[in-house]
1. Sort 210, 249 so that the residue with the fewest other Cβ atoms within 10 Å of its own Cβ comes first and the one with the most comes last.
2. Highest mean first, what order results for 192-201, 279-288 on Cβ atoms within 10 Å?
3. Taking the mean number of other Cβ atoms within 10 Å as a proxy for protection, how do you rank 260-266, 154-160, 77-83 from highest to lowest?
4. Packing-wise, with mean Cβ within 10 Å as the measure, how do 293-299, 170-176, 35-41 rank, highest first?
5. Calculate the tail of P(r) for segment 152-212: the fraction of all Cα-Cα distances greater than 18 Å, expressed in %.
6. Can you tell me the FRET efficiency between residue 295 and residue 36 if r is taken as the Cβ-Cβ distance and R0 is 35 Å, rounded to the nearest 0.05?
7. Mind sorting 146, 30 by how few other Cβ atoms lie within 10 Å of their own Cβ, fewest first?
8. Considering only C-alpha atoms, what is the centroid distance from segment 239-291 to segment 51-93, in Å?
């Protein structure tokens, strides 16, 4: 444990009333991503936590540093704080700052600001916990607790990035799947398949297109039923259903009011069950089934590079 003058100086810098939360964490006065804020906080917390620093200022400095984390870690509260801080700085600059002060409220200038920073007590009471925030209150007394919390946040950040990457990859895979379906359908039609034919591999596409193109009779409206809590984007596409309501009577039916359209939809749904793989369950496996069909029936390989780049086939 340390207790040098350097430690006292570091704690005093953090406790300086003329220091904003960005400066406390050593961050530039711009929007910062949560991982950047967390790392900056953790680096300083290791030096000033009372378990590691014997300075009489350590406890208070650590609490103020943790207040900075609370405000800056959540994107919404950080944006509010930054907006108010920059507005406050602009007012100071308009009044003139001696000694070449910069936008950081006179850190380099000789003239101190007249107004308190937005990290003052009133601002913290109003902004500390943003609506919807999941950040816990900082009541830790042990360094081990702080370390555990930082690891928890790091894991959540990693999971967030992975979920965004997964969703992006899935959207790309669905886009390629739809293109492959359209190519299959076009090649089947060009090969002479009758208009009534629906290949199971593009049956879901046919159902979707039929629903889009078919017009409702006068006096009817369509009700879209999205699946409850879908696991993925494919589930939304596969499970979305429609009902139809007669406006005059309020009658609701699952069947399309036009019999010919309903017959086409029913046939497409029946055909889609004949696939070896359900794309909602195994999107990569279904795309592979499409790819194999294109190879075997039409020697079509133009999509191979894009499909192989997906990494899920």
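Nothing in this text is a laboratory measurement; each read-out follows from the coordinates by a stated rule. The model shown is predicted, which means the values in this text are computed figures rather than measured ones. Ideal geometry is used to build each Cβ from the backbone, glycine not excepted, and the neighbour counts take in all protein chains shown.
1. 249, 210
2. Those peptides, ordered most packed to least, come out 279-288, 192-201.
3. Per-residue Cβ counts within 10 Å, averaged per peptide and sorted highest first, yield 77-83, 260-266, 154-160.
4. With the highest mean Cβ count within 10 Å placed first, the list reads 35-41, 170-176, 293-299.
5. Cα-Cα pairs in segment 152-212 separated by more than 18 Å: 53 percent.
6. 0.15
7. Fewest-to-most Cβ neighbours within 10 Å comes out as 30, 146.
8. 54
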